[in-house]
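Asker: My questions will all concern the structure given below.
The values are calculated or read from the model by the stated rules, or taken from the named source; none is laboratory data. The structure presented is a predicted model; accordingly, all values stated were derived computationally and were not measured. Glycine gets a Cβ as well: all are built from the backbone with ideal geometry, and neighbour counts include every protein chain shown. The protein model used for the area step is the full one, side chains on, heavy atoms only, and it has no ligands, DNA or RNA in it. Shrake-Rupley method; radii C 1.70, N 1.55, O 1.52, S 1.80 Å.
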Amino acid sequence: MNRVRLWVSALMDWLPTLGGFVVVVALSLGLSFWWLDPMPPRKLVLATATEQSAYHVLGQQYRDMLRAYGVEVDVKVTGGTAQNLHQLMGDETRVDVAFLQGGVAHAVLPQSQEGAMGGLTSLGGLFVEPVWVFYREDSAIRLLGGCQDGASKEDGRTQPGARRVKLQLAAASVPTPGKVVADQCGVLPGLHALRGWRVNVGVEGSGPQVLSQQLLAAVGLGPNDLTLSHLANTPGVVSLLEGRQDAMVFVSAPDAPLIQMLLQTPGIRLMAFEQAQAFTRKLPFLSAVTLPRGVVDLGRDLPAQEVPLIATTATLVAREGVHPALIQLLMQAAARVHGRSGWFANAGEFPRSERSFFPLSDEAARYYKSGRPWLQRYLPFWLSNLVDRMWVMMLSIMVVLIPLSRLVPPLYVFQVRSRIFRWYARLREVETASAQPNADVSALLSNLQELERTAASIQVPLSYTEELYALRQHIDMVRERITKSA
């Protein structure tokens with residue numbers, strides 16, 4: 001038991017010295033944790049677009065994927081790209097990330113406000129968004145001259161016996177503004193043929209409305225050349241089907257339910273952009289894509305031929321301050337949602353790092369370079385994220401603390417020996433006083449006796465017992481000297 005008490009006593013001797021070192025380590029880790037903020041928040045606000053839009057459908061998929069990691073995504077319904085951009089820049093409505101349609105930022109914001117977007121970063125291109133121009137076949141027949149001699153149609157193709165109507169000027173004459181060349185019954189040859197039509201281009205300030213304005217201006221049509229309406233997608237589709245609109249412009253991925261429905265609705269046709277390459281030269285943010293034959297319905301061969309289209313690229317943009325771990329999760333979700341093959345992309349083509357109006361996020365660039373963090377393949381998300389964010393700082397702390405730890409043994413030695421050496425000052429005082437004339441010998445011997453009792457109660461490890469006995473021996477030596485001098 002005596003040996004156990006000695007071991008316990010030795011351990012207690014180490015605690016004050018090690019305690020200080022542990023406090024330094026704890027403070028260093030605490031400050032590093034506070035500065036790096038490795039643990040992400042549990043909530044994220046994602047701005048999409050109107051309900052039943054492709055952005056809204058994709059936002060719900062993101063929400064389901066991030067929920068598995070303990071992050072709750074608030075899918076916010078908005079008016080579209082323009083509103084999403086303003087909410088990312090503003091503080092009154094807190095939006096963390098939002099889907100944006102490519103090519104809209106320049107058109108929506110004046111140059112005086114472009115500097116305010118310095119805190120916004122892109123996560124890369126997610127998918128292509130074709131420009132869908134759906135129109136009523138009967139409106140094309142009526143507005144473009146109609147079919148003559150009882151022309152009949154099935155599946156959008158002129159049958160034998162139907163006479164194709166060609167509204168064209170003589171080959172040698174100069175084309176007259178407003179005239180349209182049509183070589184098929186009920187076929188809209190291009191955007192330039194929309195003069196005098198009733199067209200819905202989306203909610204005012206939305207991405208489709210902004211892009212439609214640019215496209216119409218490119219073909220020489222102004223607001224007075226056709227009747228524009230600004231209905232939301234669902235009311236606009238209803239108005240088109242009921243005949244109150246002649247055409248409708250969508251800018252959306254094919255995942256949108258309304259797009260899927262209109263592609264298979266009898267009497268509704270999709271306009272082909274035969275001038276797709278010219279549009280991409282005029283508006284560089286656009287790209288030419290092709291809707292493959294039969295991709296809508298192989299059994300019914302819809303569409304019956306390849307359809308050239310123009311498209312912009314959708315991006316996911318984050319505001320300044322979004323936690324890097326959330327950006328990492330969003331990139332993983334984007335790879336799962338958009339990495340599959342689709343109507344306009346091969347498997348693995350999206351998401352991709354591409355040049356855009358916004359700079360690429362550092363965390364997104366890291367994902368494109370290295371992929372999913374290695375630790376997340378074997379550890380839970382919160383633990384792998386903690387190690388991933390903290391290992392550099394922890395290594396730096398270790399580099400500093402390892403040399404600092406060499407001070408612990410000398411401090412321990414000093415602490416233990418100071419229990420003995422501090423009484424030598426008292427012993428020196430007694431010895432000095434004994435050398436004075438008329439010294440009080442009895443008082444000095446009493447002080448030595450008290451000092452000896454104190455030395456007997458000092459607890460030190462066994463390795464330092466020699467110094468303790470040396471102190472007691474020196475006390476006896478001073479007592480003997482005082483006694484002889486008396």
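Asker: Given 37 °C and 0.692 mPa s, how large is the Stokes-Einstein diffusion coefficient of segment 184-259 in µm²/s, with Rh as the Kirkwood radius over Cα pairs?
Answerer: Calculated translational D: 256 µm²/s.
Asker: What are the GluC sites (Glu not before Pro) within segment 249-340 that DSSP puts in a loop, where the Cβ has at most 11 other Cβ atoms within 10 Å?
Answerer: Taking segment 249-340 and a limit of 11 other Cβ atoms within 10 Å, the loop GluC sites (Glu not before Pro) found are Glu274, Glu320.
Asker: Length gain on complete extension for the stretch Gln260 to Phe421, per 0.36 nm per residue less the alpha carbon to alpha carbon distance?
Answerer: 48.9 nm
Asker: Here's something else I'd like to know. Express the carbon and sulfur contribution to the solvent-accessible surface of segment 227-284 as a percent, rounded to the nearest whole number, probe 1.4 angstrom.
Answerer: After summing per-atom areas, the C and S share lands at 57 percent.
Asker: Report the convex hull volume per residue for segment 280-322, counting only C-alpha atoms, in Å³.
Answerer: Considering the Cα atoms of segment 280-322, their hull volume per residue is 79 Å³.
Asker: Beyond 25 Å, what percent of the Cα pairs of segment 204-311 remain?
Answerer: In whole percent, the share of Cα-Cα pairs in segment 204-311 beyond 25 Å is 25.
Asker: Grab the Cα-Cα distance for Glu349 and Ser229, subtract it from 0.36 nm times how many residues apart they are, and report the gain in nm with one decimal.
Answerer: 39.6 nm
Asker: Then there's this: Simple spin-label model, 7 Å along Cα-to-Cβ: Asn438 to Leu27 in nm?
Answerer: 5.4
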